[in-house]
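Everything on this sheet refers to the single structure shown next.
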Amino acid sequence: MKIGQKRVCIYPKDVQIITGKSYRYSRLLLTEIKKNLNKQEHQFISIEEFCLYTGLKLEEVLPLIVG
């Protein structure tokens, strides 16, 4: 029995898959979200925070990331 892979964090490659934009745009978007949420440089962005910021539904984003 295989346990499904679960992640909390979102990475630029994930954003690239979701938006269809370039890797560079994805990095800049995550940096913008960090600034907006007053996070430090070393802190991660959660998938939920990404969805809240972009207005996308979590149910739509998760299948694209986890597969």
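The values are calculated or read from the model by the stated rules, or taken from the named source; none is laboratory data. A quick note: this is a predicted structure, and the numbers were derived from the prediction, not measured. With ideal geometry, Cβ positions are generated from the backbone for all residues, glycine too; neighbour counts draw on all protein chains shown. Keep in mind that these areas ignore ligands, DNA and RNA; they rest on the heavy atoms of the full protein, side chains included. Shrake-Rupley method; radii C 1.70, N 1.55, O 1.52, S 1.80 Å.
Residues that are in contact with a helix residue (DSSP H, G or I) (Cβ under 8 Å, 6 or more places away or on another chain) and aliphatic (A, V, I, L, M) within segment 50-65 comprise LEU56, LEU58, VAL61, LEU62, LEU64, ILE65, listed in sequence order.
For (1) part of a helix (DSSP H, G or I); (2) at positive phi; (3) surrounded by 15 or more Cβ atoms within 10 Å (Cβ to Cβ); (4) among the β-branched types (Val, Ile, Thr), each residue gets a yes or a no:
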| position | (1), (2), (3), (4) |
| --- | --- |
| LYS21 | no, no, no, no |
| SER26 | yes, no, yes, no |
| GLU32 | yes, no, no, no |
| LYS35 | yes, no, no, no |
| GLN40 | no, no, no, no |
| GLN43 | no, no, no, no |
| PHE50 | yes, no, yes, no |
| TYR53 | yes, no, yes, no |
| GLU59 | yes, no, no, no |
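Right, ILE17: under 16 Å from VAL66 (Cβ atoms) and of a type in the set (A, V, I, L, M) or not? Yes. Annotation note: Cβ proximity below 9 Å between a residue of segment 8-26 that is under 16 Å from CYS51 (Cβ atoms) and acidic (Asp, Glu) and a residue that is open to solvent by less than 100 Å² (accessible area, probe 1.4 Å) and not in a helix (DSSP H, G or I) (sequence gap 6+ or interchain) occurs for ASP14/ARG7.
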